Amino acid sequence: MTTPTTTPTTTPTTGSTSTDGTVAAPSTATQASLYQQLRGHLAALKLHTAAEHLPAVLDHAVTEQLSLTAALERLLALEVDATEARRLAGRLRFASLPTPATLEEFDYDAQPCGCREPCRLTRPARTHV
């Protein structure tokens, strides 16, 4: 019985780390290609916020020596936050809520009674003594 031989594969890093802790561009063509493929996959999945923040998250992961799981969690948390914000904004637009009104914006001149003072409901009630 023969066992198939496999060659070990290595996962390229994001780039070489300089002495000041910043991450340089991917050091090999393979790493650059994988990075571009990753950005392409994020764009194809319409994870635009994750694609936008990918370089910063990778830099942070390298400088803080985060695990792959922690870096992925950070990247996806950014995407989830952006998605929830977009959904909330859409729901608020769809609700067609009236614009908030304040007493400062109230047009007292347009009132039929012609009174120029705020409504009696805004003043404290007077008590009879």
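The values are calculated or read from the model by the stated rules, or taken from the named source; none is laboratory data. Remember, predicted model here, so these are calculated numbers, not experimental data. FYI the Cβ positions are ideal-geometry reconstructions off the backbone, even for glycines, and counts take in every protein chain you see.
Table for the structure above
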read-out	value
Qualifying position, being modelled with pLDDT of 95 or more, crowded, with 16+ Cβ neighbours inside 10 Å and part of a helix (DSSP H, G or I), among Ala70, Ala50, Ala77	Ala50
Residue count, segment 81-129 (criterion: in a loop (DSSP other than H, G, I, E, B), of a type in the set (Gly, Ala, Ser) and modelled with pLDDT of 75 or more)	2
